[in-house]
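Here the structure comes first, spelled out in structure tokens, and everything after it is commentary.
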Amino acid sequence: MDLGLSNKTALILGASSGLGFAIAKCLAEEGAQVVLGARQTERLDKALALVKQSNQTATALPIDLQNSATMEAAEQAIRKLTPDILICNSGGPPPGGAIDSDLDKWRLQFEAMVINQIRCIRAALPHMLEKKWGRILVLASSGVVAPIPNLVISNSLRSALVSFAKTLAAEVANSGVTVNTIVPGRIATPRVAQLDQAASEREKTDVASVKQRSVLTIPAGRYGEPGEFASVAAFMVSERAGYVTGQMTRVDGGFIRSI
Ligand SMILES: NC(=O)c1ccc[n+]([C@@H]2O[C@H](COP(=O)([O-])OP(=O)(O)OC[C@H]3O[C@@H](n4cnc5c(N)ncnc54)[C@H](OP(=O)(O)O)[C@@H]3O)[C@@H](O)[C@H]2O)c1
């Protein structure tokens with residue numbers, strides 16, 4: 001199936017690692033001109049070099065969603081870039097429970113996970129509306145469907161961005177712009193490996209046991225592969241998915257039990 005991405009420009013945030021990187025690579029392989037966004041330039045350059053192996057047109061855009069002081073320049077760069085496709089993604093917030101989580105952490109993460117992602121979306125939108133073609137895809141977490149214990153900031157703030165996306169989807173649906181959310185269950189990225197490692201150290205057990213316990217909660221019996229997640233994302237932002245908007249698509253091996 002031709003996804004119709006060969007003449008499209010795609011900006012992928014959080015693209016130097018894990019899910020964002022897999023999406024950037026997949027879209028580049030499908031012929032899109034991809035722009036990889038993230039903070040640490042060394043890691044970004046390495047990711048860019050790998051993506052360029054499949055598509056020489058790839059470029060990088062350093063962007064720090066936690067640093068609001070730099071967001072005006074980032075918005076200008078996005079307006080200049082005029083992406084047809086925007087993937088909203090970033091790093092995960094710190095853990096914490098609802099009773100005692102630090103309010104300053106909430107404020108910082110609200111800027112990074114909600115306000116500054118909305119700023120990116122608003123900077124990309126005018127070009128999409130003018131062209132009467134655009135795709136916005138927000139990466140969330142299973143916590144927006146079934147809140148994950150001890151991840152109150154992630155559960156709450158991702159839900160805010162999902163609601164923003166759903167509201168926006170209806171506002172721009174008749175202009176050829178789709179806005180959707182994609183929800184990973186547990187996908188085998190470097191971050192998930194780090195989380196398993198941290199749990200094994202905390203619990204003084206081996207990492208294989210931690211992973212086995214986690215896998216037992218997934219009907220598919222394994223973690224997802226980043227490439228499997230990226231293929232679904234690529235379809236969601238493709239020409240083919242023009243009548244799919246305001247949706248939340250789960251890529252979770254059956255992990256979320258509710259309908
Ligand atoms: N993997 C899963 O199964 C899973 C499940 C549920 C939710 N999620 C969430 O999905 C997102 C991506 O997950 P992942 O596993 O791919 O994580 P990852 O491997 O840690 O990748 C995160 C990416 O975001 C970038 N990033 C982090 N902070 C940023 C900031 N302030 N501004 C701009 N870019 C930033 C990172 O690069 P720099 O650090 O260089 O900026 C990196 O490229 C995370 O929010 C994660 O919590 C993942």
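For the stretch 81-178, the relative contact order is 41 percent, taking Cα pairs closer than 8 Å that sit 6 or more residues apart in sequence and dividing their mean separation by the residue count.
Just Thr205, Thr57, Thr249 to compare: in a GNM of the chain, with alpha carbon springs under 10 Å, which one fluctuates most? Checking each option, the largest mean-square fluctuation is seen for Thr205.
Applying both filters, DSSP loop and at most 15 other Cβ atoms within 10 Å, to the trypsin sites (Lys or Arg not before Pro) of the stretch 84-147 gives Lys132.
Working note: Cα atoms of the chain, range along each principal axis, descending, whole Å: 54, 41, 40.
The fraction of Cα-Cα pairs per 10 angstrom bin, counted from 0 for the stretch 132-193, comes to 21, 43, 26, 10, 0 percent, rounded to whole percents. If you take the Cα centroid of the stretch 122-174 and the Cα centroid of the stretch 204-259, the two points sit 18 Å apart. Counting every C-alpha pair in the stretch 96-224, the share spaced more than 21 angstrom apart comes to 53%. Between Ser163, Ser142, Ser209, the GNM of the chain built on Cα springs shorter than 10 angstrom shows Ser209 fluctuating the most.
Close amide H contacts of Gly134 (hydrogens built in the peptide plane, cut-off under 5 Å, sequence separation of 5 or more or a different chain): Val177, Thr178. With a cut-off of 8 Å between alpha carbons and a minimum separation of six or more residues, what is the relative contact order of the stretch 1-42 in percent? Reported relative contact order: 47 percent. Can you tell me the accessible area per residue over the chain, all protein chains present, probe 1.4 angstrom, in square angstrom? Accessible area per residue, the chain: 49 Å². Can you pull out the chymotrypsin sites (Phe, Trp or Tyr not before Pro) in the stretch 206-247 that DSSP calls coil and that have at most 13 other Cβ atoms within 10 Å? Answer in residue order: Tyr243. Seen against the Cα atoms of the chain and their longest principal axis, helix 226-236 is set at about 40 degrees. For the chain, adding -39500 (n - 2.57) for each run of n ≥ 4 DSSP H residues and dividing by the number of residues yields -14000 deg cm²/dmol at 222 nm. Sequentially through the stretch 89-100, phi angles give Karplus couplings (6.51, -1.76, 1.60; θ = phi - 60°) of 7, 6, x, x, x, x, x, x, x, 5, 6, 10 Hz, Gly and Pro residues having no value and appearing as x. Converting phi to 3J(HN,Hα) with the Karplus coefficients 6.51, -1.76 and 1.60 and the offset θ = phi - 60°, the stretch 68-85 yields 4, 5, 9, 6, 5, 5, 5, 4, 4, 5, 5, 4, 6, 5, 6, x, 7, 10 Hz in sequence order, with x at every glycine or proline. Near Ile182, the amide H atoms lying under 5 Å from its own belong to Val138, Leu139, Ala140, Thr249; only residues 5 or more places off or on other chains count, and H is placed 1.01 Å from N.
Backbone amide hydrogens, once placed in the peptide plane, bring Lys8 within less than 5 Å of Gln33, excluding anything fewer than 5 places away on its chain. Less than 15 Å from a label point 7 Å out along the Cα-to-Cβ axis of Arg43: which backbone N atoms in the stretch 175-193 qualify, by residue? Answer for the stretch 175-193: 189-193. Taking the longest Cα principal axis of the chain as reference, the axis of helix 116-131 is set at about 30 degrees.
The values are calculated or read from the model by the stated rules, or taken from the named source; none is laboratory data. Fair warning: this is a prediction, and the values are worked out from it, not measured in the lab. Counting neighbours? That spans all protein chains shown, and the Cβs are built from the backbone with ideal geometry, glycine included. SASA here: full protein model, heavy atoms, side chains in, ligands and nucleic acids out. Shrake-Rupley method; radii C 1.70, N 1.55, O 1.52, S 1.80 Å.
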